[in-house]
Amino acid sequence: MKDVARAAGVSHITVSRVVRGERTVKTATAEKVRHFLRKLDYRPDPALSALAAYRVKGRRVKASGTVLAFLETEKLVYNDSVLEGARVEALQLGYSVESFSLPVSVAGQRQLSRQLFHRGITGLLISPSNEPRRLEGWDWPRFAPVSLGALRHEPAMHAVAMDYFHGLQTAYAELSRKGYKRIGLFLREDLEARTGHLWLGAYLSIRQPALKPLLFRESSQLERTVRQWLAREKLDAVLTIHREWHETLARKAIAPAYLNDMAPEPGAPMIRFDPKDIGREGVQLVHLLLQKRELGLPALPKMILLRGEWSAPLPTKFSPWVSKKLMTLWWRGRGAGKV
């Protein structure tokens, strides 16, 4: 690093900042340093980088530095699973995870930021939420933040989420492979929005132009709306997450495929994904950032997308009359434990 600094005419601290990707170095200076990094074939030693994280000159490493903060944006059952996965992975890496409610006000967030910093807690996991949140009042150069979930919080930071886009494409492809031609999308509007509209985007990118998805809100007219939509679109399969509608679909010989594993019972056709994996991957990413001392907001935020797995393929489609009889028997039989 000192050889690069000497060639570039800068201090070795400046070279270190460029290597870590900090944005405190002027653009022209950073480009000059990168030129000599390439020219001299500079490569960091991973073992020394890990050691340096524990031996920061002039700074005492506190025991509380092994604590990660899980900032809960709102109370969701889904977040409980994500937090559970984070705690399991953190234990394997020598950390513990404490949950904190993320204040709405800027003053509240600023106060929490100070409390965490003075406790030596620098790794942050921002929980999934129903709406994007803006995090203000944080002294970001003191923290290594990672957002969990598909919604992009502000300011931009590294994130881990389920690959909803790929999941819908996979389910659609499996239905098509089995002979289903008119495949609809049926989702509650706010739950689809929580994916960052990735489910809707994936569907619109591959659907037949004549078919319209049904994104609904709860109302007294919902059942009538659904029946009209099914009759109008003449569907033979539906992509959904709403298990409470499976009997209605079965009676109309419409095959359901679920975009998550909240299916009516084990073995139902679905994209299987464990929310705990988001927590586990988030902890791994925070651990890496802390090891490399990459604190602050990244210049180029990255998103890690975790793919689910298709489970329990549907039966091949038959003629409409046979299909209706088989689908009805299939669901009734499953409920009675006969198949």
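For the reader, a short list of remarks on this structure follows.
- Number of positions in the stretch 167-202 that are open to solvent by less than 50 Å² (accessible area, probe 1.4 Å), under 15 Å from the mean Cα position of the chain (by Cα) and on the phi > 0 side of the Ramachandran plot: 1
- Some residue of the stretch 141-164 being open to solvent by 50 Å² or more (accessible area, probe 1.4 Å) and closer than 16 Å to Leu116 by Cβ: yes
- Being within 27 Å of Met303 (Cβ to Cβ) and open to solvent by 40 Å² or more (accessible area, probe 1.4 Å) is a condition met by no residue of the stretch 238-249.
- Test result for Lys292, surrounded by fewer than 18 Cβ atoms within 10 Å (Cβ to Cβ) and either aliphatic (A, V, I, L, M) or farther than 16 Å from Ala171 by Cβ (or both): no
Matching residues to (1) in a loop (DSSP other than H, G, I, E, B); (2) open to solvent by 60 Å² or more (accessible area, probe 1.4 Å); (3) modelled with pLDDT under 85:
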site: Val15; (1), (2), (3): no, no, no
site: Arg23; (1), (2), (3): yes, yes, yes
site: Leu37; (1), (2), (3): no, no, no
site: Ser49; (1), (2), (3): no, no, yes
site: Ala53; (1), (2), (3): no, no, yes
site: Leu68; (1), (2), (3): no, no, no
site: Lys75; (1), (2), (3): yes, yes, no
site: Leu83; (1), (2), (3): no, no, no
site: Pro103; (1), (2), (3): yes, no, no
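- Pairs are defined by a Cβ separation below 9 Å, a sequence spacing of at least 6 or placement on different chains, a first member in the stretch 105-126 that is closer than 24 Å to Leu93 by Cβ and aromatic (Phe, Trp, Tyr), and a second member that is crowded, with 21+ Cβ neighbours inside 10 Å and modelled with pLDDT of 95 or more; the pairs so defined are Phe117/Phe143.
- Residue in the stretch 146-175 that is nearest to Pro301 (Cα to Cα), counting only those that are in contact with a helix residue (DSSP H, G or I) (Cβ under 9 Å, 6 or more places away or on another chain) and among the small types (Gly, Ala, Ser): Ala159
The values are calculated or read from the model by the stated rules, or taken from the named source; none is laboratory data. Keep in mind the model is a prediction, meaning the values are calculated, not measured. Cβ coordinates were reconstructed from backbone atoms using ideal geometry, including for glycine residues, and neighbour counts include every protein chain displayed. To get the accessible areas, we keep the full protein, side chains included, count just its heavy atoms, and leave off ligands, DNA and RNA. Shrake-Rupley method; radii C 1.70, N 1.55, O 1.52, S 1.80 Å.
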